[in-house]
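Laboratory data are not the source of any read-out in this text; all were calculated from the coordinates shown. Everything numeric in this text was worked out from a predicted model, so none of it was measured. Cβ placement follows ideal geometry from the backbone for every residue including glycine, while neighbour counts extend to all protein chains displayed.
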Amino acid sequence: MVPMILAVNVMGTEVGGGLGRARTMAVVEVEAGEIRSWTETEVGWDVLHDAPPATSDVAVTPPATSGAAAPASDPDSASPAAPASLPGSTPSSSAPSSGPASSLSPASLQGHTHAPGAGHGAHHARIVRFLKEHRVDAVVTGHAGPPMLHTLELMGVGCVIGASGDARQAALDAVNLIESSGTPA
């Protein structure tokens, strides 16, 4: 069997609530029904969720200037690069299902706010970077809003939402659910 890499939203020993407000994520490798590794990282998304984006979270392209070109020795005059695109922003026709269906409604977004300039894009970019850096196949969490579910789907990352209780058991249950559904993570 091929190992599966999960990112589990954890709060102590239990599964945490909303993915976008997770304080700690466990990166878990599961193989042959056993947890092979469990590494917890304090991500701080609970605080960063409503924070304005840091300059490292967004690509800034300086405005083009008109007139004579600046001398080549001026480091500030280098040609602006095209803004970086958000990883996973191009839909893939082979993107797997985003995992078990959930009942999400506009009511689930009540109280879902971001600070000025801190929209879903900047915050989701943090989460996308974490998931890509750890080569995550699926996410296990108590909740994820529709914009985050869409982002995960575009990335081809499975998502098991509605998980609760012991985080280690939830990771094993998620792998069993994904494998029994025949849907790749």
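Please compute the length gained on full extension between Thr39 and Arg23, using 0.36 nm multiplied by the number of residues separating them and subtracting their Cα-Cα distance.
4.4 nm
Any idea what the relative contact order of the stretch 1-48 is, in percent, if you count C-alpha pairs under 8 Å spaced at least 6 apart?
Computed over the stretch 1-48, the figure is 36 percent.
Just to verify a number: FRET efficiency for Arg129 and Ser181, C-beta to C-beta distance, R0 = 30 Å, to 0.05? Don't jump to the answer; show the numbers that get you there.
Values: r = 28 Å, r/R0 = 0.92.
So, using R0 = 30 Å, E works out to roughly 0.60.
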